[in-house]
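Shown next, in structure tokens, is the structure this report addresses.
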Amino acid sequence: MNRLLLVALLLVGCDATVEDRLRACGFASEGSLPALPLYDDACYRACFAGASCEALDAALCRTDVSLLIECDQQCAPRCDDGALIAPHQVCNGFSDCADDSDEQGCTPYVCADGQELGSRRPRCDGWPDCADESDEEGCPRIVCGDGTELRPSHRCDGYEACADGADEAGCATLTLSCR
């Protein structure tokens, strides 16, 4: 797995303590870090923020996944049969648990025009799911110098999506000691 993507997976939705920990360990310079809609969960953020520099380095480099397993054991949602699933798999409209327990009790998403999308959580995912596109109204966007609008996931992902590079301006440099 690409190191930048793995860092992004660990950082998404992070608060300053995770960013500060990565900087204190020498893994990130000042600037914005990647953000993707995974592990947007206080438990995961606290688990990663409390890890030692050695454990973070091993997890980011995939030389030892003990920290990732530890955080999953503490934080991941569980199916009724005890199986672990990723937080984004709960109420996503797909049965990820053998017994469908991850989709039970989910509140359906209702578009402005009354269209019901089931338990999927489409709000601000960058793709209009409602016929009236109300699920994407008022969502944060990155605006390039030429006026092109991009999803927030393009910010600091390591690839210039804006012709002028605005989506990568001010991003942190990541340094890992992977061997």
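The values are calculated or read from the model by the stated rules, or taken from the named source; none is laboratory data. It should be emphasised that the depicted structure is a prediction, and the values quoted were computed from it without experimental measurement. Glycine gets a Cβ as well: all are built from the backbone with ideal geometry, and neighbour counts include every protein chain shown. Heavy atoms of the whole protein, side chains included, go into the accessibility calculation; ligands, DNA and RNA do not. Shrake-Rupley method; radii C 1.70, N 1.55, O 1.52, S 1.80 Å.
Each residue in the range 38-69 was checked for being under 18 Å from the mean Cα position of the chain (by Cα), of a type in the set (D, E) and open to solvent by 70 Å² or more (accessible area, probe 1.4 Å), and 1 pass. Does the range 77-87 hold any residues that are modelled with pLDDT of 90 or more and either part of a loop (DSSP other than H, G, I, E, B) or open to solvent by 90 Å² or more (accessible area, probe 1.4 Å) (or both), and which are they? Passing the criteria: P77, R78, C79, D80, D81, G82, A83, I85. Just so you know, in the range 165-179 the residues that are part of a loop (DSSP other than H, G, I, E, B) and touching a residue at least 60 places away in the same chain (Cβ under 8 Å) include one that is most open to solvent (accessible area, probe 1.4 Å), and it is R179. Taking the criterion of being part of a loop (DSSP other than H, G, I, E, B) and closer than 30 Å to A55 by Cα, the residues of the range 120-164 that qualify are R155, C156, D157, G158, Y159. For the condition surrounded by fewer than 13 Cβ atoms within 10 Å (Cβ to Cβ), free of Cβ contacts under 8 Å to residues at least 24 places away in the same chain and closer than 30 Å to L33 by Cβ, what is the one hit in V143, V90? Result of the check over V143, V90: V143.
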